[in-house]
1. Within segment 11-67, which residues are touching a residue at least 24 places away in the same chain (Cβ under 8 Å), more than 37 Å from the chain's Cα centre (by Cα) and loosely packed, with under 15 Cβ neighbours inside 10 Å?
2. Taking the stated definitions as given, is Arg20 over 19 Å from Gly79 (Cα atoms), in a helix (DSSP H, G or I) and in contact with a Lys or Arg (Cβ under 8 Å, 6 or more places away or on another chain)?
3. Scan Leu94, Leu11, Leu88, Leu80 and give me the residue that is within 22 Å of Arg112 (Cα to Cα), in a helix (DSSP H, G or I), among the hydrophobic types (A, V, I, L, M, F, W, C) and at pLDDT 80 or above.
4. Within the group Arg110, Arg120, which residue is modelled with pLDDT of 95 or more, in a helix (DSSP H, G or I), surrounded by 12 or more Cβ atoms within 10 Å (Cβ to Cβ) and not hydroxyl-bearing (Ser, Thr, Tyr)?
5. Suppose the filter is hydrophobic (A, V, I, L, M, F, W, C), farther than 30 Å from Ala128 by Cβ and at pLDDT 80 or above; does Val29 pass it?
6. Would you confirm, using the coordinates I've provided, whether Gln72 is more than 30 Å from Leu105 (Cα to Cα), of a type in the set (S, T, N, Q) and in a helix (DSSP H, G or I)?
7. Could you list, in sequence order, the residues of segment 92-105 that are of a type in the set (Asp, Glu) and free of Cβ contacts under 8 Å to residues at least 24 places away in the same chain?
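The values are calculated or read from the model by the stated rules, or taken from the named source; none is laboratory data. Worth saying up front: this structure is predicted, and the values here are computed from it rather than measured. Glycine gets a Cβ as well: all are built from the backbone with ideal geometry, and neighbour counts include every protein chain shown.
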Amino acid sequence: MARFVFELEPLLEQRRREERDRMKRVAEVERDRVEIEQEAAALAQAFHDEQDALRRELGEGGGVDLGRVRLQSNASLHGLRKRHELALRGAAMLKRLDAARRELLEATTRRRAVELLRERRYEAWVAAKRTKESREVDELVTARFGRPGSGDGAAA
């Protein structure tokens, strides 16, 4: 029995590998983005905790340790600078993520184009196979009824 062979199968496999590589790249960048977001959330939480601690200390009505207030203020400014740096890193990460997603889309499009070509060639191969089989059946029927002594079963 004849078997369909797609002559561009190596190209299709290459395109699939390329697409998988692009998927891995998108996943890596996405993982980095999530890490930055988690780090920013942790910094924001620490900032709020420090603010709450300072409010409690100032609200108690007792003596205020100005050295501690100055340290918390400096820590707050440091945290603010760190959050700003994370925001910049996050913006750069989003650009990298967009670029990685575009590359993935391009790789998927290239792979899909070869798959569509494969599907069309397979359909054409199946149609040609059916046509060939139909001709062979027609030839057998014609040969059988064309011989003397054969026919539709009626006596001559």
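1. Gln51, the sole residue that qualifies.
2. When the stated conditions are applied, Arg20 does not pass them.
3. Result of the check over Leu94, Leu11, Leu88, Leu80: Leu11.
4. Arg110
5. Taking the combined requirement at face value, the residue satisfies it.
6. It is true that Gln72 is more than 30 Å from Leu105 (Cα to Cα), of a type in the set (S, T, N, Q) and in a helix (DSSP H, G or I).
7. If the condition is that a residue be of a type in the set (Asp, Glu) and free of Cβ contacts under 8 Å to residues at least 24 places away in the same chain, then Asp98 is the only one that fits.
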